[in-house]
Amino acid sequence: MGVDLAQLLKMVDDARDEMINLTQGLVRLETVNFGTPESGNELIAAEFLRDKLAEDGIDSEIYKSRENRGNVVASLSHGDGPSLLLMSHTDVVPVEDAGQWTHPPFGGDLAEGRIWGRGSSDMKSTVAAHAMALLILKRAGVELNGRLTFASCADEEAGGAYGFGWMAENHPDVLRADYAVNEGGGGPVRTENGIIYPISTGEKGRLEAHFKIVGRGFHASQPWRADNAIYKAEEVVRRIRTYAPEESADSELFKHLDTLAGISHPVTTENLEQTLKEVEAVNPSLSSMLRAASRMTIVASMINAGVKSNSVAENCTIVCDIRSMPWQDKAYVQRQVEGIIEGLDGVTVEVIETAISNNSPYDSPFRGYVEQATKDATGIDDLRFVPGLTVGFTDSRFVRPLGNVTYGFIPSHPNDDPAKSGAHNINESTGVDSLVAATRFTVALAWHILAKKS
Ligand SMILES: [Zn+2]
C-alpha cells in the first residue's frame, strides 16, 4: 500500500484533536527560561516528547547539556537521499504578572479557536506540529529516501548555550542536514497583490559596544576643577547618534519590491533613500523593515555615570546595541566604533559579539520545496513568497555554519492574524488553524524532499 500526499494531509486534518492535546500538554509544562543556567527545566518537555513519539515506535535520544536541560532528537531515516532538519525550542520566556492574563499562562486553555498560554505561539505549537509530522509519516508507513530529523532544544530564549549552541558544538553530526526549517518567518502578509509569505533567509548580527569615558572627579562645589565625564560623554553621544552607516541594497528583499510594494525600478545605493520614502507612503512598517535590512544600526541603550550626587563624575559608560549586516564581522564593527571616537581623549570602546550574522541562499532547490509545501498546506495556489532578513536572531545561526540551508519558515494559516499571537507578551496564544497548517506544511515538505514516490 502506498499513500499519496492528499491522503497524508487528510490524516493531519483528522489528527486535529491530537495536535491540540499535544500543544496543550507542552504549554502546561513550565519550561521557563530566566536566563540562568539552572532555569529552563526543558528536560521535562524532552521526556514528554520522547514518550509521545515512542507510542508510535519512534526512538528519541535526549542530549543533556546540564542537569534538567534536555535536547530531544528523533529521526526517520532510510537510504542515502537528502536530509531535512526540523528545528524548534522548548523553553519559554517568563510571565511577569499572571494576573493580567485572561487565561492562566500555563493552563493551555482552548477558547475562540486558539490555544492560550506562555509558549503556545513561541514556539510549542511548532514543536507539536513537527512531532506530529513525524508521527503521521510513520503511521502512514511512508517510505523515505533520506533522513528527517526532529530536534527540539533548550535555551533559545537566553542565547542557546544549553540548546542548539551546545548541540552544534558537541554533536554537530546530529544537526547537520542539507536543509533545515526553524522559526523566524512564515507569517502571511495580505496585500493588494495577494497573500505574501516571507521566508527568512538570514539574520543580522547582534553586538554591544561599551564606550568608556574617563574624566577627573572633584567636589561638586568647585566643578571647574574637575573634568566631568558626563560632559565629555556629550560629544560621544552626538557622534553615535549621527553615525552614518554604509548603506546597501544587496539584500534579496530589495529584488522583490514589485511584489511587496508595487515598485518595479531596480534599487541601488543611489536611489535607496528615495525608494524607502516611496515605500513609506504606502507601507510605513515595511519601509522601516527595509531600512533595517539595508544598514548596520547602532543605538545608545544604556548610560551610567558618577557614584555620588555631590561629586563630579569621573567615569561614564555608554552601552550601544548594534545590529550588523550578514557581511559585517566583528572586526568591521570594531573599526566603525573606533571611527566614532577618533580624536577624543580619555575615551575607549570595546565590542562584544552576542550573535553572529548569518544567511542561507534564497536561490536554492529548498525554496521550491518550501513554496510547494506551503501551497499544499494552505490549499491556495496563488501565493507569493519573498526572502526576509530577520532583524532579531534565532537558533538558525548555529546550524547555518554546519552547511544547512536554513529557512526561518513556519507558515501560519492565511486567516490567522499574526498580531494575535502575543509572543513574549501577555495573553500569548496560537490559532488552531495555524497549528494544522504548520503540520500540513511539515508533512508536505518532508514528502517533497524525502518520500519515495511510486
Ligand atoms: Zn522562539
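When residues in the range 249-265 are screened for being in contact with a strand residue (DSSP E or B) (Cβ under 7 Å, 6 or more places away or on another chain) and either assigned to a loop (DSSP other than H, G, I, E, B) or under 30 Å from Asp345 (Cβ atoms) (or both), 1 of them pass.
Determine whether the range 111-120 contains at least one residue that is within 15 Å of Asn427 (Cα to Cα), in contact (Cβ under 8 Å) with a residue 40 or more places away in the chain and in a helix (DSSP H, G or I). Yes, the range 111-120 contains at least one residue that is within 15 Å of Asn427 (Cα to Cα), in contact (Cβ under 8 Å) with a residue 40 or more places away in the chain and in a helix (DSSP H, G or I).
If you go through the range 348-375 and keep only what is outside any helix (DSSP H, G or I), surrounded by fewer than 16 Cβ atoms within 10 Å (Cβ to Cβ) and not hydrophobic (A, V, I, L, M, F, W, C), you end up with Thr348, Glu350, Thr354, Pro361, Asp363, Ser364.
The set of residues from the range 10-44 being under 14 Å from His130 (Cα atoms), outside any loop (DSSP other than H, G, I, E, B) and aliphatic (A, V, I, L, M) comprises Val12, Met19, Ile20, Leu22, Leu26. Looking at the range 228-246, I want the residues that are among the acidic types (Asp, Glu) and have a partner that is not in a loop (DSSP other than H, G, I, E, B) with Cβ atoms under 9 Å, at least 6 apart or on another chain. Which pairs are those? Listed by first residue and then by second, the contacts come to Glu235/Val347; Glu246/Arg295; Glu246/Gln336. Evaluating Val399 against the criteria (1) farther than 21 Å from Met325 by Cβ; (2) in contact (Cβ under 8 Å) with a residue 40 or more places away in the chain; (3) within 16 Å of the ligand (Cβ to nearest atom) leaves one unmet condition, (1). For the range 156-183, the candidate set comprises residues that are under 14 Å from Val370 (Cα atoms) and in a loop (DSSP other than H, G, I, E, B); within that set, the residue that is nearest to the ligand (Cβ to nearest atom) is Glu183. Tally time: how many residues in the range 418-447 are at pLDDT 95 or above and of a type in the set (Lys, Arg)? Residues flagged as at pLDDT 95 or above and of a type in the set (Lys, Arg) within the range 418-447 amount to 1. Would you say Ile213 is β-branched (Val, Ile, Thr), over 29 Å from Ser75 (Cβ atoms) and at pLDDT 95 or above? Yes. Under the condition of being among the aliphatic types (A, V, I, L, M) and part of a strand (DSSP E or B), the residues counted in the range 51-110 number 11. If you filter the range 184-204 down to residues that are polar (S, T, N, Q) and surrounded by 22 or more Cβ atoms within 10 Å (Cβ to Cβ), you find that the one that is farthest from the ligand (Cβ to nearest atom) is Thr201. Screening the range 103-125 for residues that are out of contact with any Pro (no Cβ under 7 Å at 6 or more places or on another chain) and among the charged types (D, E, K, R) and picking the one that is farthest from the ligand (Cβ to nearest atom) gives Glu112. Here the range 61-94 is the region considered, the condition is being among the polar types (S, T, N, Q), out of contact with any Phe, Trp or Tyr (no Cβ under 8 Å at 6 or more places or on another chain) and away from the ligand (no atom under 16 Å from the Cβ), and the residue that is nearest to Trp166 (Cα to Cα) is Asn68.
The values are calculated or read from the model by the stated rules, or taken from the named source; none is laboratory data. Given the structure is predicted, the values throughout are model-derived calculations rather than measurements. Here the Cβ is made from the backbone with ideal geometry for all residues, glycine too, and neighbour counts use every protein chain on show.
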